[in-house]
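The values are calculated or read from the model by the stated rules, or taken from the named source; none is laboratory data. Bear in mind the structure is a predicted one, so any value in this text is a computation, not a measurement. Counting neighbours? That spans all protein chains shown, and the Cβs are built from the backbone with ideal geometry, glycine included. These accessible areas exclude ligands, DNA and RNA; they are computed on the full protein's heavy atoms, side chains included. Shrake-Rupley method; radii C 1.70, N 1.55, O 1.52, S 1.80 Å.
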Amino acid sequence: MLTMSIYFISCGDSFLDTPLQNAITEDILSERQAGVDASLISTYKMLNGFTNTVGNTWGAAPSNYFYNSASDDQHKGSEPSDNADGYHDINLYQWSPGLKSFRDKFINVYEGVSRANKTIILSDIFVSKDPTAKAFNDIVKAEAKFLRAWYHFEAYKMWKNIPYYTEVDVLNNVSRKPNDVDVIPLIIADLDAAIADLPADKTAVGRSDKTVAQALKGKVLLYNSDFAGAKTAFDVVVNSAKYSLNPCYFDNFNVSTNNSPESIVALQASVKDGDGDGANGNYLERLAAPHSGSHTGCCGYNNPTQDLANAYQVDDNGLPVANWNANRITVGSATPVDPRLDWVMGRTGVPYLDWGVHSDGWIRGNGWSGFYSAKKNMKLTTDVAGASWNNEQVHAKNVNFIRYADVLLMLAEAEVEVGSLERARELVNQVRRRAGGCAQGPAGGPVAVAITDNNITWANYKVSEYNAPWSSKDAARDAVRRERRLELATEGHRIFDLRRWNIVKPTIDAFRAYEKTVINGALDAAGPVEAKHNVFPIPGVEIDLSAGALKQNEGF
């Protein structure tokens with residue numbers, strides 16, 4: 001397990017202007033292997049989004065829930081008057097370059113880039129003093145290049161038009177670069193260099209290796225519509241036989257099964273060795289904890305939508321159907337539902353992990369932005385809480401960025417686009433087969449049980465595979481995209497998927513038209529969805545600090 005031993009914090013005039021901040025200098029770090037490795041670990045640490053430079057950096061939360069509220073999967077939640085860091089403005093498509101959340105994310109990703117570049121420089125200095133350390137140096141630089149690609153890709157997903165920084169820029173004191181270049185080839189080049197020198201297997205839990213870098217490369221290529229290239233990369237991951245689907249869906253969201261065979265890239269959360277406030281845990285995910293009456297008593301954000309709940313209805317054969325057109329799911333209904341419904345969201349009348357039965361009182365601002373609580377982010381009552389959080393908001397549940405089910409579905413998407421519909425169906429069926437492996441268990445009993453367990457009285461669970469061949473590429477594409485939503489809901493993928501599929505406007509327009517019929521006012525002030533919303537606005541303060549190098553995205 002990675003542990004964090006130093007912090008490199010950038011808090012100066014511009015995101016890359018400030019040298020290392022601490023008593024530990026570059027000279028000291030470059031004197032020994034442990035110092036170089038500490039710098040690398042510090043680079044991994046930025047995966048948790050917590051820079052502690054501008055207060056609580058909610059906009060840099062690992063699961064990107066701030067930005068996923070612009071999708072049809074989740075509302076901002078809480079109450080109308082509670083708009084931390086402009087969160088509700090994102091939900092309403094009232095995006096401004098001045099929203100603090102955008103700068104939270106910008107600082108986070110470029111702090112990660114900065115640490116990656118400084119790690120490469122430190123490692124080169126170290127090996128120049130000790131040539132016998134070349135093998136170590138090669139791996140360190142490969143991991144740093146993987147992370148540099150990761151953070152730039154996170155920025156690309158947000159803003160598309162971004163500057164790309166390497167260690168050469170640091171050595172040449174280049175702190176301001178334009179954002180008018182295509183960064184996809186630069187990201188791929190870093191990943192190819194990383195793949196060449198990374199070890200075949202991780203040297204420690206949480207680190208990267210050749211297969212991990214291939215997974216990210218496939219995702220980058222998929223986002224760039226290079227479906228053949230993405231397929232090649234994802235095939236490497238699948239054919240490695242290093243990863244597999246967990247038997248139970250819940251194993252992906254359980255502290256005791258962190259770093260399972262399904263986890264490929266994840267934030268390594270810990271309640272140890274931090275600053276007492278849980279900064280090494282999944283601190284920035286805690287806003288999604290259910291509200292009063294629940295086990296935590298805070299904070300009531302990230303309410304899953306009725307539209308998402310409806311998506312889990314299945315027909316008598318266990319296959320997805322169109323939306324229910326119902327105001328609220330009726331607990332105890334005979335209507336069959338996919339069991340993932342009750343792993344994704346807390347529903348009144350249904351057990352919530354091992355906390356007891358979820359009630360309406362757990363929803364902050366009940367009815368304003370929905371009737372469901374987030375669930376994937378929460379711990380069991382028996383899991384250790386963060387040191388200073390008696391209400392157990394902070395804990396050691398990892399946040400999965402890429403898991404094997406995600407890879408299978410991205411590969412299925414690529415297979416559809418290259419014309420291999422049967423292979424795509426086979427991949428989707430693997431995910432659906434596992435979805436039937438377990439369901440939320442009864443209060444006072446096991447958390448996970450068989451979907452046919454006689455103690456389940458609140459739902460009629462059913463899920464099955466697609467047994468008939470898909471009739472067309474359009475039908476296959478629709479099935480794969482639907483499965484991504486069902487499998488990965490509230491994990492931070494949805495808004496970015498809608499963008500790359502070029503269906504943001506029709507999806508959000510239809511979602512709003514329906515959702516306004518079942519909630520009270522949360523979307524009343526929503527602005528129109530326009531072409532400019534395929535990217536977020538670049539933080540205005542960063543444009544000002546760039547001395548003209550950065551150009552704002554069109555329309556903002």
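GLU111: closer than 18 Å to THR203 by Cβ and modelled with pLDDT of 95 or more, yes or no? Against the criterion (closer than 18 Å to THR203 by Cβ and modelled with pLDDT of 95 or more), GLU111 does not qualify.
Have a look at ASP82, ASP37 and point out the one that is open to solvent by 20 Å² or more (accessible area, probe 1.4 Å), in a loop (DSSP other than H, G, I, E, B) and either aliphatic (A, V, I, L, M) or at pLDDT below 95 (or both). Walk me through how you get there before you give the answer.
Values: ASP37 fails: in a loop (DSSP other than H, G, I, E, B).
Only one candidate passes the filter, namely ASP82.
I want to confirm something. Restricting to region 158-176 and keeping residues that are touching a residue at least 24 places away in the same chain (Cβ under 8 Å) and closer than 25 Å to LEU198 by Cα, which single residue is nearest to the chain's Cα centre (by Cα)? Residue satisfying both the conditions and the ranking: TYR165.
So which of ASP509, ASP474 is open to solvent by 20 Å² or more (accessible area, probe 1.4 Å) and under 17 Å from HIS75 (Cα atoms)?
Just one listed residue meets the conditions, ASP509.
When the residues of region 446-471 are filtered to those that are open to solvent by 40 Å² or more (accessible area, probe 1.4 Å) and without any contact (Cβ under 8 Å) to a residue 12 or more places away in the chain, the one that is farthest from MET410 (Cα to Cα) is ASN454. All conditions in (1) more than 27 Å from ASN48 (Cβ to Cβ); (2) polar (S, T, N, Q); (3) at pLDDT 90 or above; (4) open to solvent by 10 Å² or more (accessible area, probe 1.4 Å) hold for THR330, with the sole exception of (3).
Which ones in region 352-380 are closer than 20 Å to LEU486 by Cα and part of a strand (DSSP E or B)? I'd like the intermediate steps shown before the answer.
Of all residues in region 352-380, those closer than 20 Å to LEU486 by Cα come to 352-353, 370-378.
Once the filter is applied, which keeps residues that are closer than 20 Å to LEU486 by Cα and part of a strand (DSSP E or B), region 352-380 yields SER373, ALA374.
Cβ-Cβ contacts under 8 Å between residues 6 or more apart (or on different chains), taken from a first residue in region 345-370 that is under 18 Å from CYS298 (Cβ atoms) to a second residue that is of a type in the set (Phe, Trp, Tyr) and in a helix (DSSP H, G or I), are listed as GLY346/TRP362; TYR352/TRP362. Just checking, does region 297-313 include any residue being among the polar types (S, T, N, Q), open to solvent by 20 Å² or more (accessible area, probe 1.4 Å), in a loop (DSSP other than H, G, I, E, B) and touching a residue at least 24 places away in the same chain (Cβ under 8 Å)? No; the residues of region 297-313 include none that is among the polar types (S, T, N, Q), open to solvent by 20 Å² or more (accessible area, probe 1.4 Å), in a loop (DSSP other than H, G, I, E, B) and touching a residue at least 24 places away in the same chain (Cβ under 8 Å). Quick check, is ALA230 under 19 Å from the mean Cα position of the chain (by Cα) and crowded, with 22+ Cβ neighbours inside 10 Å? When the stated conditions are applied, ALA230 does not pass them. If you filter region 477-506 down to residues that are outside any helix (DSSP H, G or I) and not β-branched (Val, Ile, Thr), you find that the one that is most open to solvent (accessible area, probe 1.4 Å) is ASN502.
When region 233-261 is filtered for residues that are under 17 Å from LEU488 (Cα atoms), open to solvent by less than 40 Å² (accessible area, probe 1.4 Å) and in contact with a helix residue (DSSP H, G or I) (Cβ under 9 Å, 6 or more places away or on another chain), the ones remaining, listed by number, are LEU245, ASN246, CYS248, TYR249, PHE250, ASP251, ASN252, PHE253, SER260. Scanning region 424-445 for residues that are buried (at least 16 other Cβ atoms within 10 Å of the Cβ) and either in a helix (DSSP H, G or I) or polar (S, T, N, Q) (or both) yields ALA424, ARG425, LEU427, VAL428, ASN429, GLN430, VAL431, ARG432, ARG434, ALA435, GLN440.
Under the condition of being in contact (Cβ under 8 Å) with a residue 12 or more places away in the chain and either outside any loop (DSSP other than H, G, I, E, B) or within 23 Å of ILE121 (Cβ to Cβ) (or both), the residues counted in region 179-205 number 18.
Could you tell me which of the residues ILE120, ILE188, ILE195 is buried (at least 21 other Cβ atoms within 10 Å of the Cβ) and over 20 Å from LYS45 (Cα atoms)?
Values: ILE120 fails: over 20 Å from LYS45 (Cα atoms); ILE188 fails: buried (at least 21 other Cβ atoms within 10 Å of the Cβ).
Exactly one residue qualifies, and that residue is ILE195.
Restricting to region 343-363, give me the number of residues that are in contact with a Pro (Cβ under 8 Å, 6 or more places away or on another chain) and crowded, with 22+ Cβ neighbours inside 10 Å.
So in region 343-363, the residues in contact with a Pro (Cβ under 8 Å, 6 or more places away or on another chain) come out as 344-346, 351-352, 357-358, 362-363.
Subset that is crowded, with 22+ Cβ neighbours inside 10 Å: 344-346, 351-352, 358, 362-363.
So the count comes out to 8.
So which of ASN325, ASN246 is at pLDDT 95 or above, polar (S, T, N, Q), out of contact with any Phe, Trp or Tyr (no Cβ under 6 Å at 6 or more places or on another chain) and not in a helix (DSSP H, G or I)? First the steps, then the outcome.
Numbers: ASN325 fails: at pLDDT 95 or above.
Of the residues listed, the single one that is at pLDDT 95 or above, polar (S, T, N, Q), out of contact with any Phe, Trp or Tyr (no Cβ under 6 Å at 6 or more places or on another chain) and not in a helix (DSSP H, G or I) is ASN246.
Quick one: in region 507-556, of everything that is among the polar types (S, T, N, Q) and assigned to a helix (DSSP H, G or I), which residue is farthest from ARG485 (Cα to Cα)? Can you show your working first?
As a first pass, look at region 507-556 and keep what is among the polar types (S, T, N, Q): 507, 517, 520, 534, 546, 552-553.
Still in the list and also assigned to a helix (DSSP H, G or I): 507, 534.
Values: THR507: 13, ASN534: 19 Å.
The residue in question is ASN534.
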